[in-house]
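The values are calculated or read from the model by the stated rules, or taken from the named source; none is laboratory data. Keep in mind that this is a model prediction, so the values were computed, not measured. Counting neighbours? That spans all protein chains shown, and the Cβs are built from the backbone with ideal geometry, glycine included.
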Amino acid sequence: MKEKINFGSLCVKKEKFEGEIRPHQMPLFATSSFEFDTINQGIDIFTGKNKGLVYSRYANPNTTAVADKIARMEMFGLKGKAYAYLTSSGMSAISTLLLGILNKGDKILTQGNLYGGTTELFLKTLGRLGIETIFTDLKNINKVDDILKKDKKIKALYFETPANPTLACVDIEALSTIAKKRKVKTVIDNTFPTPYLQQPFKYNVDFIIHSTTKYLNGHGNSIAGVIVGRDKKIMESAVWQTLKLAGTNASPFEAWILGNGIKTLEVRMDRHCKNAQTIAEFLMGHKKVKQVNYNGLPTHPDHALAKKQMKGFGGMLSFELKGGLKAGIKFMNKIKFCSLAPTLGDVDTLILHPASSSHINVDKKLREANGITDGLIRLSVGIENSMDIIQDLNQAMK
Ligand SMILES: *Cc1c(COP(=O)(O)O)cnc(C)c1O
């Protein structure tokens, strides 16, 4: 959609709001339902003849306004229009979309290094319902094409780029092109880069999901997700119906908080990128560090690909300490300034040692195959003064 204003201004401006009152900022519509003037007005809305507000599980001014803004952000500078729904979490965005577009017997093709919850959802929940998942290396485009050609049951190609924890990237354009050729729907998790740094619709991806819990909100005070798609019919029928009937809608309050967070997305992301680059370069030169994974470093295997499809390299990085598990635990215990918290994308710097926390129960061989070595530290670089982050990392490595 051709916007009349720049991206950062779109983020800042109040969501579109239609009503008789003219609040300067979006008010919170904490109401479960909406009244009708006449019974006929209600009938027309319930039968789908007219649009209107009925019940907040169906739609609410807060969730609709924020979803519409995210759709505009994902379409920024592109032709056409996108449609979006806010969900109760990133996981519910993924489950609602896939339950909406897939049937029993359909298969999903994806990568091995997805967000952990997504892998579990595919294997444990969708698997039980007769939707099978095939994992492959999505970097091998010829192999992906071959798998899609041979297995007509594959109805969705699902990917995430950059992915945890090594920031490995896949080629959005190449994957989208072969999926279109094979009539397979593409779904991307765009949580890490946000629409500011990466616009998958540029490459004709069918659906985008976000855990807005992370960068889009950015302040660590809400859990929500969003599904964005350009096919009006699928979005307004299959996807919305699943959302409404599974009850996976976001609450007005979460939407309202998210709306506030989005206003500063551009300035936050610029600072996340700048700080992460500075810290990655500092770590590269440190004698206690074996390896640094950041897309902005020319030494990263996917530096060129990230540069092609992203506007900046984001705020996520990981690095490997010399000395393995013992060094990792010792380092974490000495951290003072950064927060030890298992989330990402917040304004403050968050630090995680997967081997002793999120992946403690995962088989060592399995986690190492995905790049999670004993000494690996994941950093969600915040927007503080980078000197304070560096000082903390430096003293913890002493
Ligand atoms: C956090 C996260 C999710 C899940 O989102 P929730 O809001 O926690 O449900 C999905 N994908 C990625 C990449 C994430 O970081």
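The table for this structure:
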| read-out | value |
| --- | --- |
| In region 13-43, the residues that are surrounded by 15 or more Cβ atoms within 10 Å (Cβ to Cβ) and farther than 20 Å from Ser251 by Cβ | Phe36, Gly42 |
| Tally of residues being touching a residue at least 40 places away in the same chain (Cβ under 8 Å) and part of a loop (DSSP other than H, G, I, E, B) across region 360-397 | 10 |
| Where a residue in region 79-108 is outside the structural domain of Gly127 (by TED's automatic domain parsing) and its partner, wherever it lies, is within 10 Å of the ligand (Cβ to nearest atom), with Cβ under 9 Å and at least six apart | none |
| Residue selected from region 211-238 under the condition under 26 Å from Lys51 (Cα atoms) and within 11 Å of the ligand (Cβ to nearest atom), by the criterion surrounded by the most Cβ atoms within 10 Å (Cβ to Cβ) | Gly225 |
| Filter result (of a type outside the set (Lys, Arg) and not in a helix (DSSP H, G or I)) within region 250-267 | Ala250, Ser251, Thr264 |
| Residue check, Asn361 of a type outside the set (A, V, I, L, M), surrounded by fewer than 21 Cβ atoms within 10 Å (Cβ to Cβ) and at pLDDT 95 or above | no |
| Residues within region 247-267 that are in contact (Cβ under 8 Å) with a residue 60 or more places away in the chain and within 18 Å of the chain's Cα centre (by Cα), tallied | 12 |
| Where Ile134 falls short, out of the listed (1) within 16 Å of the ligand (Cβ to nearest atom); (2) in contact with a strand residue (DSSP E or B) (Cβ under 6 Å, 6 or more places away or on another chain) | (1) |
| Top-ranked residue of region 44-56 - restricted to ones that are buried (at least 17 other Cβ atoms within 10 Å of the Cβ) and assigned to a loop (DSSP other than H, G, I, E, B), ranked as modelled with the highest pLDDT | Ser56 |
| Close pairs from region 268-296: first in a strand (DSSP E or B), partner surrounded by fewer than 21 Cβ atoms within 10 Å (Cβ to Cβ) and among the basic types (Lys, Arg), Cβ under 6 Å, at least 6 apart | Lys290/Lys322 |
| Count - residues of region 314-350 that are among the acidic types (Asp, Glu) and more than 13 Å from Gly218 (Cβ to Cβ) | 1 |
| Pair list, Cβ < 9 Å and 6+ apart or interchain, from region 112-134 residues that are in the same structural domain as Leu167 (by TED's automatic domain parsing) and at positive phi to residues that are more than 9 Å from the ligand (Cβ to nearest atom) and not aliphatic (A, V, I, L, M) | Gly130/Asn103; Gly130/Lys104; Gly130/Gly105; Gly130/Asp106 |
| Any hit, region 89-110, residues being farther than 21 Å from Val205 by Cα and within 15 Å of the ligand (Cβ to nearest atom) | yes |
| Subset of region 312-327 [crowded, with 17+ Cβ neighbours inside 10 Å and either among the aromatic types (Phe, Trp, Tyr) or at negative phi (or both)] | Gly312, Phe313, Gly315, Met316, Leu317, Ser318, Phe319, Glu320, Leu321, Ala327 |
| Flag if Ser9 is of a type in the set (Ser, Thr, Tyr), more than 22 Å from the chain's Cα centre (by Cα), surrounded by fewer than 21 Cβ atoms within 10 Å (Cβ to Cβ) and more than 17 Å from Ile188 (Cα to Cα) | no |
| Among the candidates Lys288, Lys244, residue that is away from the ligand (no atom under 13 Å from the Cβ) and more than 21 Å from Ser89 (Cβ to Cβ) | Lys288 |
| Among (1) hydrophobic (A, V, I, L, M, F, W, C); (2) part of a loop (DSSP other than H, G, I, E, B); (3) farther than 30 Å from Asp137 by Cα, the one test that Phe313 misses | (3) |
| Inter-residue pairs, beta-carbon under 6 Å, first in contact (Cβ under 8 Å) with a residue 40 or more places away in the chain and of a type in the set (D, E, K, R) and in region 197-222, second part of a strand (DSSP E or B) and away from the ligand (no atom under 14 Å from the Cβ), 6+ apart | none |
| Matching residues in region 259-304 - criterion: being among the β-branched types (Val, Ile, Thr), farther than 30 Å from Lys139 by Cβ and surrounded by fewer than 21 Cβ atoms within 10 Å (Cβ to Cβ) | Thr264, Val267 |
